[in-house]
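Here's the structure, in structure tokens; my notes come after.
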Amino acid sequence: MWAKDVADLIWEAKRLRRWHQQILIQAQLKYAKELVRSPLANARPSGLARLSESTADALAAGWVTGSKSETAKVEIILRQRRFTVENVTVHGFLLSLSSIERIERLASLPDQRRDALLHEIKRKCASSTQLVPTDAADVLDVEHQKTS
């Protein structure tokens, strides 16, 4: 039962940390869209504004997922605007900082519960091993008395 509880707490913390990564990726995607959308809108006639918005979304999504062609196009736009990939990453982090902090606090709770449970298991094991030698000594003492 305790092993299942420990495993559940570990998986819960891991799930929350995966959410942490997804929050960062979504924030990077959002900021990349903003950076890409402006140059595309300026480069297209006003009647094609909707096209440039969907193109910006597609470029940013391709960049975040690592598509070679979209990555190359986005990096050109970033260089033109004097940005680097790290600028986008940092800005995405700052955009999502409050959410990340909440997730980290939530992820620390299962870790704390797991540590407390492991401490309790250790304490129970230590108390049960102290009982074993005295019980064994009593059994050995009884056997010795019967044979004498």
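Every number here is computed from the coordinates shown, using simple stated rules; none is lab data. Note that the structure is a prediction, hence the values are computed from the model and not measured. So basically every Cβ, Gly included, is an ideal-geometry build from the backbone, and we count neighbours across all protein chains shown.
Hey, could you pull the Cα Rg and Dmax for the range 2-111, both in Å?
Calculated on Cα positions, Rg and Dmax stand at 18.1, 65 Å.
Fewest to most neighbouring Cβ within 10 Å: what's the order for Glu104, Glu12?
Glu104, Glu12
Name the residue farthest towards the positive end of the dipole of the range 2-111 from the options Ser38, Val88, Gln22, assuming +1 on Cβ of Lys and Arg, -1 on Cβ of Asp and Glu, about the Cα centre.
Toward the positive end, the furthest listed residue is Ser38.
Report the FRET efficiency, 1/(1 + (r/R0)^6), for Asp115 and Phe93, where r is their Cβ-Cβ distance and R0 is 35 Å, rounded to 0.05. Present the calculation step by step, with values, prior to reporting the outcome.
On the way: r = 28 Å, r/R0 = 0.80.
Rounded to the nearest 0.05, the efficiency is 0.80.
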